[in-house]
Amino acid sequence: MSSATRFSSGGPVSEAITTKLQQAFSPTHLEVRNESHMHNVPQNSETHFKVIVISDKFKDAKTPIKRHRLINETLREEVAADGPVHALSIVAMTPDKWQAKLDQGESVGPSPNCRGGDGSLPPKH
């Protein structure tokens with residue numbers, strides 16, 4: 001399986017997330033998707049992300065929650081209460097599980113559009 005890294009925004013938060021995940025997990029596939037545009041935040045925000053991390057390092061983390069915890073720990077500064085990331089959606093798999101998903105014609109789509117939130121973020125302009 002070839003190594004691939006894709007991210008949808010080259011901003012500083014996206015780049016920090018990408019760098020930290022690459023260093024921690026040596027992924028065979030990594031996507032960092034900035035989904036902020038789907039939410040009630042100012043234009044060009046970096047507050048809502050989906051990460052897809054495929055790595056052999058998840059072989060010992062047998063459950064999704066254990067894999068999510070590893071990623072959250074790696075990104076602890078970004079997801080902290082005073083950090084730049086408001087929401088993080090995580091897909092974390094071993095290369096075998098990822099390949100099986102691809103072989104079945106499955107993919108990871110975008111997160112659903114914002115349904116209004118709690119109004120605590122500034123409005124888009």
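The values are calculated or read from the model by the stated rules, or taken from the named source; none is laboratory data. For clarity, every value in this text was computed on a predicted model and none was experimentally measured. Note: ideal-geometry Cβ built from the backbone for every residue, glycine included; neighbour counts use all protein chains shown. These accessible areas exclude ligands, DNA and RNA; they are computed on the full protein's heavy atoms, side chains included. Shrake-Rupley method; radii C 1.70, N 1.55, O 1.52, S 1.80 Å.
Taken over the range 34-49, the residue count meeting the criterion of being touching a Pro at 6+ places or on another chain (Cβ under 9 Å) and under 14 Å from Ala16 (Cα atoms) is 2.
May I ask you to list the residues in the range 40-59 that are open to solvent by less than 10 Å² (accessible area, probe 1.4 Å) and in contact with a helix residue (DSSP H, G or I) (Cβ under 7 Å, 6 or more places away or on another chain)? Across the range 40-59, the qualifying residues are Phe49, Val51, Val53, Ile54, Ser55, Phe58.
Would you please name the residue that is least open to solvent (accessible area, probe 1.4 Å), looking only at residues in the range 60-72 that are in contact with a helix residue (DSSP H, G or I) (Cβ under 9 Å, 6 or more places away or on another chain) and of a type outside the set (Gly, Ala, Ser)? The qualifying residue least open to solvent (accessible area, probe 1.4 Å) is Ile71.
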